[in-house]
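Below is one structure, written out as structure tokens, with a few remarks after it.
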Amino acid sequence: MASREQKRAALHEKLQLLRSITNSHAINKTSIIIDASKYIEELKQKVERLNQDIATAQTSSDQNTLPMVTVETLEKGFHINVFSTKSCPGLLVSILESFEEMGINVLEARVTCTDTFRFQAVGGENEEQGEGVDAQAVKLAVGQAIKNWSESTDQK
């Protein structure tokens, strides 16, 4: 008799645990199990949606692999960092051309173009022009250079 009572108590405890996990307000065993079944179906649907979202994000990131650009203002000039997870043949030339158009001198630069593209540079205004360099204007100009480069490579 005692073991039957223990089994019944253990089953009741497990049903209460199931009830709390599934946020069920049911009282009887059948309703708790039905609620748990619905909860499992909802979880399956959430997993399916998440997998679809991941697939969509991967597809869009594969298609939209334009480099990221950050620009920081320095006392005299700026520091720029351009990074892409893939090699970008010709991008360096486009960026340097945009600097030339803005009258910016590159004071120091590091570039990696093998498997990824990384361009880090410290630039300053052309002393002949005497104008200050606006970091936002530099970021926009480099962004436009990247866009132009991307469009020219898409056409090839």
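The values are calculated or read from the model by the stated rules, or taken from the named source; none is laboratory data. Quick caveat, the model's predicted, so the values are computed rather than measured. Ideal geometry is used to build each Cβ from the backbone, glycine not excepted, and the neighbour counts take in all protein chains shown. Quick note on the areas: whole protein, heavy atoms, side chains included, nothing else; ligands and nucleic acids left out. Shrake-Rupley method; radii C 1.70, N 1.55, O 1.52, S 1.80 Å.
A few comments on the model shown:
- Yes/no for I80 being assigned to a helix (DSSP H, G or I), aliphatic (A, V, I, L, M), surrounded by 14 or more Cβ atoms within 10 Å (Cβ to Cβ) and modelled with pLDDT of 85 or more: no
- Residue identified as modelled with pLDDT of 80 or more and open to solvent by 100 Å² or more (accessible area, probe 1.4 Å) among E41, E72: E72
- Where Y39 falls short, out of the listed (1) in a helix (DSSP H, G or I); (2) touching a Pro at 6+ places or on another chain (Cβ under 7 Å); (3) among the aromatic types (F, W, Y): (2)
- Residue that is exposed (fewer than 12 other Cβ atoms within 10 Å of the Cβ) and part of a helix (DSSP H, G or I), where the choices are S31, S3, S94, S98: S3
- Search result, residues across region 1-35 that are touching an Asp or Glu at 6+ places or on another chain (Cβ under 9 Å) and among the polar types (S, T, N, Q): T22, N23, S24
- First in region 64-89 and at positive phi, second anywhere and assigned to a loop (DSSP other than H, G, I, E, B) and of a type outside the set (S, T, N, Q), Cβ under 6 Å, 6 or more apart: G77/V133
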